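Reading through the C-alpha cells given below for one structure.
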Amino acid sequence: MPTAMKFLVNCSSSDYSYPNSGVNWVEVALASDSLIFSNGSDVVVDGAAIPTEFQLTQAGIIKSVSEQVVPHYFLADVSSNLLQEIHNAGNKNKRYVFAFYFDGATASEPVLELWDNDDMDTVDLVSLGGDDPTASWWRGIVTTDGLPGGTNWVGSKLAGASSTHYLELNNGNGALDEAGTLYCNLKIVCPANFSEAAADKPVLVVKYTTA
C-alpha cells in the first residue's frame, strides 16, 4: 500500500509531539474541515459553532498603519460543528502545532505549498501576494527538528512552488525511510495599509512521492 498521511492540529496549549496523552491532537478531515485565521470576536472563539461568512467578515483584521500578525487560528471541525482553537499557532515559539504523520517511508521529502485552488497552477489571491510570492502574507517555519527560535519568528513566505516559497517538512533532510511525523508552524502577517480586502480561501497542499 502507498504511504498515507494524516494532517493533525494541536488544539491544546501544551507543546508536545504526536501522539501524546497531554495534547489534544485533532485529525483534520481533508474533505470537509478547514482552517480559519481571524482577529476573533464573541462568536469567532474557541468552542463556538462554526461561524457564517458574515460573522467571519465581522471578525476580520482591520487595515492599520502598521503591520499586523493575525492573532487567532482555528480548526473548523465539521463533524462537531465547532471551532477548535489552535492555541500555539502564529507568533509563538512553539514546536508541535501542525503535524503531518506518515504511516511509512516516502520516496521524496514531503513539502508544504499554498495555492489558489486544487488546480495548483496560480497564486493570484491577495493573501498569496497577488501572483507575487515575495508579497505573500503567509509565513511558515519547519519545526521538525526544533523550536522556531523565538517569538516573532521570520520563516518563509509561502505561495506556490517557486524557490524558498514552500516548506521542506523534513527540514531539508530528504525522504522518510520509515513512518514518522513532521511539524511546522504557520502565521499570517497583514502588511501595513493593505489596499485590498479579501476573504481568501487558499489550499494547503502536501506533496510527496512513494516507492
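Here are some notes:
- Going from the fewest other Cβ atoms within 10 Å to the most, the residues GLU113, GLU178, GLU67, GLU27 appear in the order GLU178, GLU67, GLU27, GLU113.
- Cα centroid of region 29-46 to Cα centroid of region 131-176, whole Å: 22 Å
- Beta bridge orientation in the chain: antiparallel %, DSSP, nearest 5: 100 percent
- In the chain, helical runs assigned H by DSSP with n ≥ 4 each contribute -39500 (n - 2.57); averaged across all residues and rounded to the nearest 500, the mean residue ellipticity at 222 nm is -500 deg cm²/dmol.
- For region 43-140: rounded, prolate or oblate by the Cα gyration tensor [a/c cutoff 1.5]: oblate
- Within the set [x] 1.04; [y] 1.20; [z] 0.99, the number that Cα Rg over 2.2 N^0.38 Å takes when calculated for this structure is listed as [z].
- Cβ crowding within 10 Å, taken as a proxy for footprinting-reagent exposure, orders THR151, THR3 from fewest neighbours to most as THR151, THR3.
- Number of Lys pairs (Cα under 16 Å; 8 or more positions apart or on different chains) in the chain: 5
Any read-out appearing in this document is the output of simple, stated calculations on the displayed coordinates, not a laboratory observation. These numbers come from a predicted model, not from an experiment. Because the Cβ atoms are built from the backbone with ideal geometry, glycine has one as well, and the counts that use them run over all protein chains shown.
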